[in-house]
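Each remark here refers to the structure printed beneath this line.
The values are calculated or read from the model by the stated rules, or taken from the named source; none is laboratory data. Here the structure is a predicted model, which means the values were calculated and not measured. Every residue, glycine among them, receives a Cβ derived from its backbone with ideal geometry; neighbour counts consider all protein chains shown. Ligands, DNA and RNA are stripped out before the accessible areas are found, and what is left, the full protein with its side chains, is counted by its heavy atoms. Shrake-Rupley method; radii C 1.70, N 1.55, O 1.52, S 1.80 Å.
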Amino acid sequence: MAIPKFNQTIELSKEGERIMGMNAITVDLVWTSAHVAIEYNSTAEHGLYLDESSNGPMQMQETLRKLERRRKRDEMRISALSASGWKAFPLVSAQVYNCQSFDAVIRAIANALGKKIRAEALNFKRKRTFLRQEVLGLENQ
């Protein structure tokens, strides 16, 4: 699979512009020639955390409202990309940290790029485990 470009600005179509209210957005990972994009959606990325150290219910409610606004904005981004002719894949941390789910997403992206991934390839599981350990600090799940 070709290496994607990181943090690329994508010009939106008129329809995408109507959805987003702007004519371009910056996308996390892009395969420009195939019009395939990945948007990684995480609360940590945007500095929003839900934890017990919040100083009460008011801060918790405000954090929840911010998370909901972020979720809606992320969904609008995917819609605007799709309306602009892009195959857009939202990716959340639960998918990244679950090996089976992540493999399924990668296969869907590879399919959109016209590529095949063979899980039965020699050393696939060993290489995947190594990559997960290096990048995420995880064992094969």
Does residue 70 satisfy the criteria of being more than 24 Å from residue 33 (Cβ to Cβ), open to solvent by 50 Å² or more (accessible area, probe 1.4 Å) and basic (Lys, Arg)? yes
On the given criteria, is residue 101 closer than 19 Å to residue 26 by Cα, open to solvent by less than 70 Å² (accessible area, probe 1.4 Å) and either of a type in the set (Ser, Thr, Tyr) or more than 13 Å from the chain's Cα centre (by Cα) (or both)? no
Is there any pair linking a residue in the stretch 41-68 that is under 28 Å from residue 7 (Cβ atoms) to one that is modelled with pLDDT under 80 and among the aromatic types (Phe, Trp, Tyr), with Cβ under 8 Å and at least six apart or on different chains, and which? 43/49; 63/49
If you take the residues in the stretch 2-40 that are open to solvent by 20 Å² or more (accessible area, probe 1.4 Å), assigned to a strand (DSSP E or B) and in contact with a Phe, Trp or Tyr (Cβ under 7 Å, 6 or more places away or on another chain), which one is nearest to residue 75 (Cα to Cα)? 28
Yes/no for residue 107 being open to solvent by 50 Å² or more (accessible area, probe 1.4 Å), among the charged types (D, E, K, R) and either modelled with pLDDT under 90 or within 13 Å of the chain's Cα centre (by Cα) (or both): yes
What number goes with the only condition from (1) at pLDDT 85 or above; (2) on the phi > 0 side of the Ramachandran plot that residue 123 does not pass? (1)
